[in-house]
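The values are calculated or read from the model by the stated rules, or taken from the named source; none is laboratory data. Every value quoted in this text rests on a predicted model; they were computed, and no experiment measured them. Positions of Cβ are backbone-derived with ideal geometry, glycine not excepted, and every protein chain shown enters the neighbour counts. With ligands, DNA and RNA removed, areas are computed over all heavy atoms of the protein, side chains included. Shrake-Rupley method; radii C 1.70, N 1.55, O 1.52, S 1.80 Å.
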Amino acid sequence: MNDYDSNRIVDLLRNEMGYEKTDNLEEADLVVVNTCAIREKAHEKTYSDLGRIREVKKLRPSMRIAVGGCVASLEGENVLKRAPFVDVVFGPQTYHRLPDMLRLREETGRSQLDVTFPEIEKFDHLPAPKIEGACAFVSIMEGCSKYCSYCVVPYTRGEEISRPMVDVLMEVAQLADQGVKEVTLLGQNVNAYQGAMPDGNLADFALLLDYVAEIDGIERIRYTTSHPREFSQRIIDCYARIPKLVNHVHLPVQSGSDSVLTAMKRGYTADEYRSICKRLREVRPDISIATDIIVGFPGETEEDFEETMQLIRDVHFDASFSFIFSPRPGTPAARMPDTTPHRVKLARLQKLQALIDSYADEISRTMLGTEQRVLVLGHARRGEGMLMARTDNNRIVNFAGPDSLIDTMVRVKVTEVFPHSLGGELL
Ligand code: 5AD
Ligand code: SF4
């Protein structure tokens, strides 16, 4: 989501103020720091990065620094207290106001702050996204109203709010016109989507998927992230009737222990999660399932952790984003007693990641000899005349083929399996 926001900020600053992107901090007139507050490490990186940028600003005082994203949202005024050399502080829902805030900064000579959550006006003020290649993100909903006990997102990005369905479809159609083949629908909880339709009714996520699939030129649909609580049978049924929907789903589980899931306020049991995976596999037997897991949540016992390991064995995850619990300011879990030593948490994390990595290897090996529909991303890193493409389940396949295939979908046969990529043959 931050990656998407950053690109939109670049588009906005280019269109409205004539800025061009540079990779060279020394020559930048404006530095925008788009921050993440999901875990403490990311949060604190804001200030170490700002320290570095400040040194450059000392040499060139005309440089402007804007801080946005979830740390700005969470800390507000405090960013200016800790880093008074910052010129503008904006939130995830106010970045469309950045040009105005920058102008006001020049007019008044004072730092500007706006981290409010206006209704979804943001999209009405953003230019059409500039596309590179055949893949694009489209934000369909923002924010989160789940309030999992460990998570800052509802506080930093505000409550769930969906973009109207016609707006989303128009954006996807425009992208398809520019040659986009693969669209990733984005939101903190895409399956909570409730988009207004012209007839006054609300479209759910399953209906949105049906309409997006109708758009000519779009050949592959991904989405991220979804929540098990609203992973309805209607969404599972989409996998049976929409071939454009990739054979891959990212469905965060967080833990395999019911008592931990309750303490996390996730609103489902481990068996309910297993049931979703089972029903998905009934319609798509080789769907790849990836997840997010938190280890060392306050009160997590060795038995709780074993239940998570059992769930991993049962579901056979293909990949995970797994992290040690990080207490976040203002969240209920930050105040829960936490007596598990850090080294125990680290050992659990490593054990869990080793198991999931072994499944990822196993899944790669079962792909040997199969035919895969892939999107060609560009030239391979190595080898004359070699192309690089991505499979449904996010494997990179290298194969020989003409440049004219770049940014198109082709079929390849997997002929080699390496630890971090596959080799193939164009069909
Ligand atoms: N500590 C550790 N991991 C967290 N996540 C969210 N909040 C925390 C936290 N306080 C993880 C969850 C979520 C992913 C985006 O980040 O697994 O799914
Ligand atoms: Fe955070 Fe839970 Fe919302 Fe995901 S569903 S963004 S983990 S509060």
request  = Out of the residues in segment 401-426 that are of a type in the set (S, T, N, Q) and over 21 Å from Ile363 (Cα atoms), state the one that is most open to solvent (accessible area, probe 1.4 Å).
outcome  = Ser404
For Ser320: the one exception among (1) within 15 Å of ligand 1 (Cβ to nearest atom); (2) free of Cβ contacts under 8 Å to residues at least 24 places away in the same chain = (2)
key: Any pair with Cβ under 9 angstrom, 6 or more apart, that starts in segment 323-342 at a residue that is open to solvent by 60 Å² or more (accessible area, probe 1.4 Å) and basic (Lys, Arg) and ends at one that is within 15 Å of ligand 2 (Cβ to nearest atom) and not in a helix (DSSP H, G or I)   = Arg335/Pro327
request  = Determine if segment 402-425 includes at least one residue that is assigned to a loop (DSSP other than H, G, I, E, B), under 20 Å from Val246 (Cα atoms), small (Gly, Ala, Ser) and within 23 Å of the chain's Cα centre (by Cα).
outcome  = yes
ask   = Conditions: (1) within 18 Å of Glu282 (Cα to Cα); (2) open to solvent by less than 10 Å² (accessible area, probe 1.4 Å); (3) away from ligand 1 (no atom under 16 Å from the Cβ). Leu251 meets all but one. Number of the miss?
value = (3)
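If I ask for residues that are part of a loop (DSSP other than H, G, I, E, B), in contact with a helix residue (DSSP H, G or I) (Cβ under 9 Å, 6 or more places away or on another chain) and under 21 Å from Met309 (Cα atoms), which ones from segment 323-347 would you list?
Just the residues of segment 323-347 that are part of a loop (DSSP other than H, G, I, E, B), to begin with: 325-331, 336-341.
Of the ones still in play, those that are also in contact with a helix residue (DSSP H, G or I) (Cβ under 9 Å, 6 or more places away or on another chain) are 325-331, 336, 340.
Answer for segment 323-347, where residues must be part of a loop (DSSP other than H, G, I, E, B), in contact with a helix residue (DSSP H, G or I) (Cβ under 9 Å, 6 or more places away or on another chain) and under 21 Å from Met309 (Cα atoms): Phe325, Ser326, Thr340.
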remark   = Of (1) assigned to a helix (DSSP H, G or I); (2) within 16 Å of ligand 2 (Cβ to nearest atom), Asp292 satisfies every one except (1)
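Here's the yes/no breakdown for (1) closer than 28 Å to Arg234 by Cβ; (2) open to solvent by less than 60 Å² (accessible area, probe 1.4 Å):
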| site | (1), (2) |
| --- | --- |
| Asp286 | yes, no |
| Asp304 | no, yes |
| Met309 | no, yes |
| Phe317 | yes, yes |
query = When you go through Glu272, Glu230 one by one, which is the residue that is at negative phi, of a type in the set (Asp, Glu) and within 15 Å of ligand 1 (Cβ to nearest atom)?
reply = Glu230
ask   = With (1) touching a strand residue (DSSP E or B) at 6+ places or on another chain (Cβ under 9 Å); (2) of a type in the set (Ser, Thr, Tyr); (3) open to solvent by 50 Å² or more (accessible area, probe 1.4 Å); (4) within 16 Å of ligand 2 (Cβ to nearest atom) as the list, and Ser226 as the residue in question, which single condition is left unmet?
value = (3)
request  = Would you list the helices (runs of 4 or more DSSP H) that sit entirely within segment 37-108 and hold 1 or more residues that are out of contact with any strand residue (DSSP E or B) (no Cβ under 7 Å at 6 or more places or on another chain) and surrounded by fewer than 19 Cβ atoms within 10 Å (Cβ to Cβ)?
outcome  = 40-59, 77-82, 98-108
inquiry  = What's the total number of residues in segment 254-284 that are away from ligand 2 (no atom under 16 Å from the Cβ), open to solvent by 10 Å² or more (accessible area, probe 1.4 Å) and outside any loop (DSSP other than H, G, I, E, B)?
reply    = 10
request  = Inspect segment 364-379 for any residue being open to solvent by 50 Å² or more (accessible area, probe 1.4 Å), in contact (Cβ under 8 Å) with a residue 40 or more places away in the chain, part of a helix (DSSP H, G or I) and within 30 Å of Lys146 (Cβ to Cβ) and give the result as yes or no.
outcome  = no
remark   = By residue number, the members of segment 305-342 that are within 16 Å of ligand 2 (Cβ to nearest atom) and among the hydrophobic types (A, V, I, L, M, F, W, C) are Phe321, Phe323, Ile324, Phe325, Ala333, Ala334, Met336
query = Can you tell me which residues in segment 141-155 are touching a strand residue (DSSP E or B) at 6+ places or on another chain (Cβ under 8 Å) and among the hydroxyl-bearing types (Ser, Thr, Tyr)?
reply = Tyr150
remark   = From the option list Glu306, Glu300, single residue qualifying as free of Cβ contacts under 8 Å to residues at least 12 places away in the same chain, within 18 Å of Ala263 (Cβ to Cβ) and not hydrophobic (A, V, I, L, M, F, W, C) is Glu306
ask   = Asp210 fails exactly one of the following numbered conditions: (1) open to solvent by less than 10 Å² (accessible area, probe 1.4 Å); (2) farther than 25 Å from Pro92 by Cα; (3) not aliphatic (A, V, I, L, M). What is the number of that condition?
value = (1)
key: Long-range neighbours under 9 Å by Cβ, at least six apart or interchain, first residue of a type in the set (Lys, Arg) within segment 244-266, second open to solvent by 40 Å² or more (accessible area, probe 1.4 Å) and within 16 Å of ligand 2 (Cβ to nearest atom)   = Lys265/Tyr147; Lys265/Pro332; Arg266/Arg229
